Amino acid sequence: MILVRAPLRISFVGGGTDIPAFYRTYPGRVVSTTIDKYVYLVINPTPLIDKVSARYSQSETVTHPSKLQHTRIKAMLMDLGITNNIEIGSFASLPAKTGLGSSSSFSVALAKGLHAHKGKRLSPREAAEAASRLEIELLKEPIGKQDQYAAAHGGINLFQFNADGSVIVEPLLLDFKKRAEFEKSLILFYTGLTRNASDVLKDQKKQIGKKREMYKTLSDSALEFRDKLLAGDIKGLGEMLHETWRHKKQLSTKVSNTTLNSLYDAGIKAGAWGGKVLGAGGGGCLLFVASPKKHSDIRRRVRAAARKAKLADFQEIPFSFVDSGTDVLFNNDSHVRV
Amino acid sequence: MRDYIDKHMRELTVALEHVPADEIAKAIRTIQRTFERDGRIYIFGNGGSLSLATHWVSDFNKTVFSHNLKKHVKRFQAIRLPSTEEEYSAWANDEGHDMVFLGPLQNYLQDTDCVIAISSSGNSTNIVKAISYAKKRHVPVIGLSGFDGGKLNKLADVKILVDTEKGRYDLVESAHAAILHLITKYFQDSFEHALQYAKKPRKIASLTRGK
């Protein structure tokens, strides 16, 4: 049995610039961090059962992976030529579609786990690329590579997506004081609005030609964000996010909606320096940067706005940063094959 | 006499000033990641470096949390290899001295672990053998080397090189001791800070799966 753990991520700036339509002509850049919310994947070889099983919110048992409903498990099993005697189960700390990158975290865990099952250990970069290939090439999802890279590597990083498809990973190494100060300034809410990242991104992708200049600004602002973070200028970071959020709102009509606007405005009115919608927008989570002194006010006001908008599943998500990426936590399968 | 002492102190200061800070930061991150996945840290070296390894393990496993041992239930699991003299002698006598680190490492190593290797020349065969094995397993290797870094500095994922004239074991080992103490002190301060400024835990009540 193999147990793999992949962290979720909070993306601060530059989302959308990791799409090839953009980075083929100008470097895309994203700053993100992994957090202590995880996707877990269990891979169990079943030598005596000539079937393929996938266990998630559904439970499927089929005679060949081509018959699976779960698109990612199906595509990756087919791609790796694993056709029988395997059972795959997934577990998560949070529901899907929160905007915390969970679907790519799942893909990285799947890539790392199934390769381990075949006796091959993937480096973070290999795992990120394998997951990106699965989602973008095999499944034709109109998404970028930032989430796969974030989940595979772990920690606070600046990712740069180059025209030739290569990715530069720059870890932003903060000492514990700066790191704790930044972490304590953040407050995260699940809005209860779910969205399909692909829909928003498809819409954004269509408009990339028109909005190229704005994307360039977004990409460059990732560098500014890095510099402010390393300098410990948390207020500056918050204010930057506020600017970026306003920029992004113009990118696609689906990135924001009245409900989200009302929650966001409530947070700003309560004293947040800035904030953003996490993920591709249209729902998911809302993140604020604010002095910890303002957090209880923000909590109260944003909660009230959520009640008014009748968001039944609205809820705060407490979290901590983590440094670890996607790890095989347990493997008694391919015992020490080197 | 005074000149001799001053000269040595200056040389040591210069050697310390040239240690790449980014690599120490990476070493700290590597250890933090190992802690997060409940992995173990294996550390080893020859001669004086072996004593540095033993010294570090005793500091790291206990002293890091000394400010409040009761509140830190989860602690580091750092282990010096070989962990007993008997094991050392058995591997050396039966399998050859090249196997004293690789032998035990093969027994213990899991994917969740990390390795710290200390070698002034960076070229000791037993060290190079052990880290080559860890590299093949994709287990991160922190290398503390001296002189020109040798093979250890080339192979290690984290390259902590104390750049000195060849043969200056005195400077290299003193600097290694300082760096290892820095790492211990960092985690000591970090965990103490985390306790002091701990956020009150907030419960996640009703986020349900599979919507």
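Can you find even one residue in the stretch B:107-130 that is within 13 Å of chain A (Cβ to nearest Cβ), under 30 Å from A:D36 (Cα atoms) and in a helix (DSSP H, G or I)?
Within the stretch B:107-130 (the criterion being within 13 Å of chain A (Cβ to nearest Cβ), under 30 Å from A:D36 (Cα atoms) and in a helix (DSSP H, G or I)), the answer is yes, since at least one residue qualifies.
Write out, first by first residue and then by second, each pair whose Cβ atoms fall under 7 Å of each other, whose residues are 6+ apart or on separate chains, and whose first residue, in the stretch A:157-171, is surrounded by 12 or more Cβ atoms within 10 Å (Cβ to Cβ) while the second is assigned to a loop (DSSP other than H, G, I, E, B) and of a type in the set (A, V, I, L, M, F, W, C).
Listed pairs, sorted by first residue: A:N157/A:L172; A:L158/A:L172.
For the structure I just gave you, tell me whether A:E87 is over 26 Å from A:K140 (Cβ atoms) and of a type in the set (D, E). Quick ask: steps written out before the conclusion?
Working: over 26 Å from A:K140 (Cβ atoms): yes; of a type in the set (D, E): yes.
Here the answer is yes, as A:E87 does meet what is asked.
Of (1) within 23 Å of B:S121 (Cβ to Cβ); (2) surrounded by fewer than 19 Cβ atoms within 10 Å (Cβ to Cβ); (3) hydrophobic (A, V, I, L, M, F, W, C), B:M1 satisfies all except one. Which?
(1)
Can you find a residue in the stretch A:319-328 that is closer than 25 Å to A:K228 by Cβ, touching a strand residue (DSSP E or B) at 6+ places or on another chain (Cβ under 6 Å) and outside any loop (DSSP other than H, G, I, E, B)?
yes
Is the stretch B:50-69 home to any residue that is in contact (Cβ under 8 Å) with a residue 40 or more places away in the chain, within 12 Å of another protein chain (Cβ to nearest Cβ), under 16 Å from the mean Cα position of the chain (by Cα) and assigned to a helix (DSSP H, G or I)?
No: zero hits.
Is the stretch B:88-98 home to any residue that is modelled with pLDDT of 95 or more and either within 14 Å of another protein chain (Cβ to nearest Cβ) or in contact with a Lys or Arg (Cβ under 8 Å, 6 or more places away or on another chain) (or both)?
Looking through the stretch B:88-98, at least one residue is modelled with pLDDT of 95 or more and either within 14 Å of another protein chain (Cβ to nearest Cβ) or in contact with a Lys or Arg (Cβ under 8 Å, 6 or more places away or on another chain) (or both).
Can you pull out the residues in the stretch A:285-338 that are among the charged types (D, E, K, R) and farther than 30 Å from B:Y133 by Cα? Give the steps one after another, and end with the answer.
Pass one, the stretch A:285-338, residues among the charged types (D, E, K, R): A:293-294, A:297, A:299-301, A:303, A:307-308, A:310, A:313, A:316, A:323, A:327, A:333, A:337.
Residues satisfying the conditions are A:K293, A:K294, A:D297, A:R299, A:R300, A:R301, A:R303, A:R307, A:K308, A:K310, A:D313, A:E316.
Among the residues of the stretch B:1-47, which ones are polar (S, T, N, Q) and within 30 Å of A:G325 (Cα to Cα)? Walk me through it before giving the result.
Looking only at the stretch B:1-47, we keep the residues that are polar (S, T, N, Q), and these are B:13, B:30, B:32, B:34, B:46.
Correct list: B:T30, B:Q32, B:T34.
With within 14 Å of another protein chain (Cβ to nearest Cβ) and of a type in the set (V, I, T) as the only criterion, which of A:I136, A:I88, A:I82, A:I156 stands out?
Values: A:I136 fails: within 14 Å of another protein chain (Cβ to nearest Cβ); A:I88 fails: within 14 Å of another protein chain (Cβ to nearest Cβ); A:I82 fails: within 14 Å of another protein chain (Cβ to nearest Cβ).
The unique qualifying residue is A:I156.
Contact list please: Cβ distance under 7 Å, first residue in the stretch A:297-314 and in the same structural domain as A:T259 (by TED's automatic domain parsing), second residue acidic (D, E), pairs at least six apart or on different chains.
As it stands, the answer is A:R299/A:E316, since those pairs meet every condition given.
For B:D98, only one of the following conditions fails: (1) assigned to a loop (DSSP other than H, G, I, E, B); (2) surrounded by fewer than 20 Cβ atoms within 10 Å (Cβ to Cβ). What is its number?
Status for B:D98: all satisfied but (1).
Find the residue count for the stretch A:212-238, including only residues that are among the aliphatic types (A, V, I, L, M) and in contact with a Gly (Cβ under 6 Å, 6 or more places away or on another chain). Please lay out each step first, then the result.
Taking the stretch A:212-238 and keeping what is among the aliphatic types (A, V, I, L, M), we get A:214, A:218, A:222-223, A:229-231, A:234, A:237.
Right, trim to in contact with a Gly (Cβ under 6 Å, 6 or more places away or on another chain) and you get A:218, A:222.
Matching residues across the stretch A:212-238 total 2.
Conditions first: (1) closer than 23 Å to B:F60 by Cβ; (2) surrounded by fewer than 20 Cβ atoms within 10 Å (Cβ to Cβ); (3) out of contact with any Phe, Trp or Tyr (no Cβ under 9 Å at 6 or more places or on another chain); (4) hydroxyl-bearing (S, T, Y). B:S132 passes all but one, so which condition is the exception?
(1)
Could you run through the stretch A:303-338 and say how many residues are within 14 Å of chain B (Cβ to nearest Cβ) and either of a type in the set (K, R) or more than 16 Å from A:Y38 (Cβ to Cβ) (or both)?
Applying the first criterion (within 14 Å of chain B (Cβ to nearest Cβ)) to the stretch A:303-338 yields A:303, A:306, A:311-338.
Okay, now just the ones that are also either of a type in the set (K, R) or more than 16 Å from A:Y38 (Cβ to Cβ) (or both), so A:303, A:306, A:311-316, A:331-338.
Residues meeting the conditions: 16.
The values are calculated or read from the model by the stated rules, or taken from the named source; none is laboratory data. In this text, all values refer to a predicted model and were calculated from it rather than measured experimentally. All Cβ positions, glycine included, derive from the backbone under ideal geometry; neighbour counts span all protein chains shown.
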